[in-house]
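Data first, discussion second: the structure below is written as structure tokens.
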Amino acid sequence: KAGVTQTPRYLIKTRGQQVTLSCSPISGHRSVSWYQQTPGQGLQFLFEYFSETQRNKGNFPGRFSGRQFSNSRSEMNVSTLELGDSALYLCASSLWRDTDTQYFGPGTRLTVL
Amino acid sequence: LAKTTQPISMDSYEGQEVNITCSHNNIATNDYITWYQQFPSQGPRFIIQGYKTKVTNEVASLFIPADRKSSTLSLPRVSLSDTAVYYCLVGLPGYKLSFGAGTTVTVRA
């Protein structure tokens, strides 16, 4: 079974621009979560989508948003990019319950110049 | 979410067994204990998960004492490719995972 895939793997943007990242979960998985990882803050939870609805949300500003499609694929959008948004953005999928293990994708490395 | 404490780093040599202990004094009744491995610029990889006693898979073993206030991840006969950061997480395994600093394990030849 194929794992979680994320595109693109690397991205370079400038301040003020916006970016959209994509995540395809493991087949059959209906929950998709997004995380931001930086050297200073570690790995932090952004939000989780289930059945096209945001089910949980972390403590990030409204510039960070996401959505999930009917096939469980998910996108994350960051608007008005700031230098501090440079990070590894990770997507994780799980079947559908809180007790189901999350499996992570390889991540998208975003660099904001 | 239960807070976890694990060593910042550990050094080992190829062929040795590595044991990483994680403390989680305020673990809740419904919490699971899950370990992930992460290589640089890659997503965390699930290693093992348990609720109590001992769990073993083809990669590692997880030992959980009766009071569940700590757990130990055991990596048998490590190789250079086991050099990575290992995270101990406590909570519902699929819910808003909270990663700490992890333990950087360095395996030397």
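Got a sec? Which strands (runs of 3 or more DSSP E) wholly within the stretch A:16-113 have at least 3 residues that are closer than 21 Å to B:Leu89 by Cα and more than 10 Å from chain B (Cβ to nearest Cβ)? Walk me through how you get there before you give the answer.
On the way: elements: A:19-24, A:31-38, A:42-50, A:53-57, A:64-68, A:74-78, A:87-94, A:108-112.
Qualifying strands (runs of 3 or more DSSP E): A:31-38.
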Residues that are of a type in the set (A, V, I, L, M, F, W, C) and at pLDDT 95 or above, drawn from the stretch A:96-107: A:Phe104
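This table checks each residue for (1) more than 12 Å from the chain's Cα centre (by Cα); (2) touching a residue at least 12 places away in the same chain (Cβ under 8 Å).
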{"site": "A:Ala2", "(1), (2)": "yes, yes"}
{"site": "A:Gln6", "(1), (2)": "no, yes"}
{"site": "A:Ser24", "(1), (2)": "no, yes"}
{"site": "A:Gln41", "(1), (2)": "yes, no"}
{"site": "A:Arg55", "(1), (2)": "yes, yes"}
{"site": "A:Glu75", "(1), (2)": "no, yes"}
{"site": "A:Val78", "(1), (2)": "no, yes"}
{"site": "A:Leu81", "(1), (2)": "yes, yes"}
{"site": "A:Asp85", "(1), (2)": "yes, yes"}
Mind checking which residues of the stretch B:58-109 are within 14 Å of chain A (Cβ to nearest Cβ), at pLDDT 95 or above and surrounded by fewer than 17 Cβ atoms within 10 Å (Cβ to Cβ)? B:Thr104
Filtering the stretch B:22-38 down to residues that are more than 10 Å from every other protein chain (Cβ to nearest Cβ), surrounded by fewer than 19 Cβ atoms within 10 Å (Cβ to Cβ) and part of a loop (DSSP other than H, G, I, E, B) yields B:Asn25, B:Asn26, B:Ala28, B:Thr29, B:Asp31
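Here is a yes/no grid of residues against (1) of a type in the set (A, V, I, L, M); (2) touching a helix residue (DSSP H, G or I) at 6+ places or on another chain (Cβ under 9 Å); (3) modelled with pLDDT under 95:
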{"residue": "A:Val4", "(1), (2), (3)": "yes, no, no"}
{"residue": "A:Tyr10", "(1), (2), (3)": "no, no, no"}
{"residue": "A:Gln17", "(1), (2), (3)": "no, no, no"}
{"residue": "A:His29", "(1), (2), (3)": "no, no, no"}
{"residue": "A:Tyr35", "(1), (2), (3)": "no, no, no"}
{"residue": "A:Asn59", "(1), (2), (3)": "no, no, yes"}
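The values are calculated or read from the model by the stated rules, or taken from the named source; none is laboratory data. Predicted, not measured: the structure shown is a model, and the values here were computed from it. Here Cβ is always computed from backbone atoms with ideal geometry, including for glycine, and neighbour counts include all displayed protein chains.
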